[in-house]
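Asks: If you scroll down you'll find the structure; I have some questions about it.
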């Protein structure tokens with residue numbers, strides 16, 4: 001019995017799960033399996049369970065969860081990645097405020113809440129690497145999604161002009177009475 005256990009351990013030590021999962025035939029089978037209607041339905045039911053939703057919400061509302069999400073995006077889009085949990089903790093704003101919108105960052109808010117902390121790549125041509133990321137609010141990150149600083153500046157100037165013109169027009173109407 002002990003020799004069988006040792007043989008199994010030796011086989012398991014030689015077996016490389018990552019290499020196996022990268023084989024084209026295995027990837028194809030996995031993709032076909034995950035697209036089956038019964039599998040999709042089971043996944044949907046599982047993800048709608050209250051305890052699963054709560055666990056996923058807590059995970060996404062943590063630095064390790066955000067690190068995991070960034071690493072997944074890096075793999076999906078073939079970005080460079082070298083972030084660590086310690087690095088992300090070290091760059092988190094000490095005052096807990098979004099450096100761009102000056103609003104309080106809130107980890108307990110809903111996933112797309114304007115004050116939810118979000119990891120922003122400063123230069124979108126680079127990956128998730130040290131020196132190229134900062135913590136901002138979800139709202140700020142969504143506003144900057146694919147705009148350049150010049151475009152954001154022009155947008156802000158024009159919006160301020162339109163807002164001030166509308167404010168003046170509103171005040172003029174109020175004084176007309």
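Asks: Relative to the first principal axis of the alpha-carbon coordinates of the chain, what is the inclination of helix 37-47, with its axis defined by its Cα atoms, in degrees from 0 to 90 and to the nearest 10?
Replies: Relative to the chain, helix 37-47 is tipped by roughly 60 degrees.
Asks: Would you indicate which of (1) 147; (2) 246; (3) 265 is the value of volume of the Cα convex hull per residue in Å³ derived from the coordinates of this structure?
Replies: (2)
Asks: So for 62, 34, fewest C-beta neighbours within 10 Å to most, what's the order?
Replies: Ranking 62, 34 by Cβ neighbours within 10 Å, fewest first, gives 34, 62.
Asks: Using the alpha-carbon atoms, what tilt in degrees (0 to 90, nearest 10) does helix 24-34 show relative to the longest principal axis of the chain?
Replies: That helix lies at roughly 70 degrees to the long axis.
Asks: Mind sorting 128, 87 by how few other Cβ atoms lie within 10 Å of their own Cβ, fewest first?
Replies: Lowest to highest Cβ neighbour count: 87, 128.
Asks: For a quick check: sort 16, 146, 120 by the number of other beta carbons within 10 angstrom, fewest at the front.
Replies: Ascending Cβ contact count within 10 Å gives the list 146, 16, 120.
Asks: Which whole-number percent gives the relative contact order of the chain, counting Cα pairs below 8 Å spaced six or more residues apart?
Replies: Working: 134 pairs, mean separation 24.9, N = 177.
Normalised by residue count, the contact order of the chain is 14 percent.
Asks: Whole angstrom only: what separates the Cα centroid of region 89-114 from the Cα centroid of region 20-53?
Replies: Cα centroid to Cα centroid, the span is 34 Å.
Coordinate-derived values only; no laboratory data. Owing to the predicted nature of the structure, the values given are computational and were not obtained by experimental measurement. Virtual Cβ from ideal backbone geometry, glycine too; neighbours counted across all protein chains shown.
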